[in-house]
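Q: Here you go, one structure.
Just so you know, all these numbers are worked out from the coordinates, no wet-lab data involved. Everything numeric in this text was worked out from a predicted model, so none of it was measured. Cβ atoms come from the backbone with ideal geometry, glycine included; neighbour counts cover every protein chain shown.
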């Protein structure tokens, strides 16, 4: 999936590895986390597959840079991936795994856990407003405003997910407090 994210970014225009990492951090990172080393490793794979090309650019007074471009076969791969509806989105969540086993903790500990979780867990560590601002900045850089609209859709999803998570935590706390009030042996 990371490779397709990189292809998607390069489909907007040529970039250096540093620029890809920056755009990834500022936009895709709220729903797909990738470390810098993963991005650079994936760039090598994309080049080997012929999906991107690398042009070495010498610079005066600055370090040389490699500019990456998507190829025709890279665009075909991106389009094929976008058209593939068989992709399954399995939920893999350490948070939910922990919740599943929280019966090992007291109700009091779990109430506090959900209170902390509600404050700590978020899709947007720097705030959804910052994500919206970044999306607006990138919208100015892309010739097609319709493409930027889809970036907004992912931010909307993150905002709604954060809201759902807060409501879920509140529900868990409420049920645990009701249980605590009914039976003081917990």
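Q: How far is helix 17-26 tilted off the main Cα axis of the chain, in degrees rounded to 10, range 0 to 90?
A: 30
Q: What ranking do 169, 105 get, fewest neighbouring Cβ atoms within 10 angstrom at the top?
A: Details: 169 18, 105 13.
Ranking 169, 105 by Cβ neighbours within 10 Å, fewest first, gives 105, 169.
Q: Would you please give the FRET efficiency between residue 150 and residue 54, computed as 1/(1 + (r/R0)^6) with r the Cβ-Cβ distance and R0 = 41 Å, to the nearest 0.05?
A: Numbers: r = 27 Å, r/R0 = 0.66.
With a Förster radius of 41 Å, E is 0.90.
Q: Using only Cα atoms and rounding to the nearest 10 degrees, what angle (0 to 90) does helix 36-48 make with the longest principal axis of the chain?
A: Result, in degrees: 40.
Q: Take the Cβ-Cβ distance between residue 40 and residue 161 as r, set R0 to 41 Å, and report the resulting FRET efficiency rounded to the nearest 0.05.
A: On the way: r = 29 Å, r/R0 = 0.71.
For residue 40 and residue 161, the calculated efficiency is 0.90.
Q: Say we join alpha carbon atoms closer than 10 Å with springs in a Gaussian network model of the chain; which of 16, 126, 71 then has the biggest fluctuation?
A: Comparing 16, 126, 71 in a Gaussian network model of the chain, the most mobile one is 126.
Q: Measure out, as a whole number of angstrom, how far apart the alpha-carbon centroids of the stretch 1-64 and the stretch 100-160 sit.
A: Comparing the Cα centres of the stretch 1-64 and the stretch 100-160, I get a distance of 23 Å.
Q: Specify whether the C-alpha gyration tensor of the stretch 34-76 places it in the rounded, prolate or oblate class, a ≥ b ≥ c being the square roots of the eigenvalues: rounded for a/c under 1.5, otherwise prolate if a/b is larger than b/c and oblate if not. It would help to have the intermediate numbers written out before the result.
A: Numbers: a/c = 3.10, a/b = 1.43, b/c = 2.17.
It is oblate, given that a/c is not under 1.5 and a/b is not larger than b/c.
Q: Okay, moving on. Would you please state which residues of the stretch 59-93 a label at residue 171 would reach in this model, taking the label point 7 Å out along Cα→Cβ and a backbone N cut-off of under 19 Å?
A: Residues 91-93 fall inside that zone.
Q: Here's a follow-up. Pick from 162, 170, 84: which residue has the top mean-square fluctuation in a GNM of the chain where Cα pairs under 10 Å get a spring?
A: Judging by the Gaussian network model, the answer is 84.
Q: What value, in deg cm²/dmol to 500, does the helix sum -39500 (n - 2.57) over DSSP H runs of n ≥ 4 give at 222 nm once divided by the residues of the chain?
A: On the way: 8 runs with 119 residues, N = 186.
When only DSSP H runs of four or more count, the value is -21000 deg cm²/dmol.
Q: Which one, (1) 10.6; (2) 13.0; (3) 14.1, gives mean projected area of the Cα convex hull in nm² as derived from the coordinates shown?
A: Only one listed value fits the structure, namely (3).
Q: What angle, in degrees between 0 and 90 and rounded to the nearest 10, separates the Cα long axis of helix 128-141 from the longest principal axis of the Cα atoms of the chain?
A: Tilt of helix 128-141: around 20 degrees.
Q: For residue 89 and residue 101, compute 0.36 nm times the residue count separating them, minus their Cα-Cα distance, and round to one decimal in nm. Could the numbers behind the result be given before it?
A: On the way: separation 12, 0.36 × 12 = 4.32 nm, distance 2.30 nm.
Additional length available on full extension: 2.0 nm.
Q: Turning to a different aspect of this structure: If you take the beta carbon distance between residue 31 and residue 64 as r and set R0 to 41 Å, what does 1/(1 + (r/R0)^6) give as a FRET efficiency, to the nearest 0.05? Walk me through the numbers before you get to the answer.
A: Values: r = 33 Å, r/R0 = 0.81.
About 0.80, to the nearest 0.05.
Q: Normalised by the number of residues in the chain, what is the relative contact order in percent for Cα pairs under 8 Å and 6+ residues apart? Please report the intermediate quantities before stating the final value.
A: Numbers: 146 pairs, mean separation 42.3, N = 186.
Reported as a whole number, the value is 23 percent.
Q: Name the residue, out of 171, 29, 11, whose mean-square fluctuation peaks in a Gaussian network model built on the chain with Cα pairs under 10 Å.
A: Ranking 171, 29, 11 by mean-square fluctuation puts 171 first.
Q: Does the stretch 2-83 come out rounded, prolate or oblate by the C-alpha gyration tensor, with a ≥ b ≥ c the root eigenvalues, rounded set by a/c under 1.5 and, if not, prolate when a/b is larger than b/c and oblate if not? Intermediate results must be reported in sequence, preceding the final value.
A: Numbers: a/c = 1.97, a/b = 1.26, b/c = 1.56.
Judged from the Cα gyration tensor, the stretch 2-83 comes out oblate (a/c at least 1.5, b/c at or above a/b).
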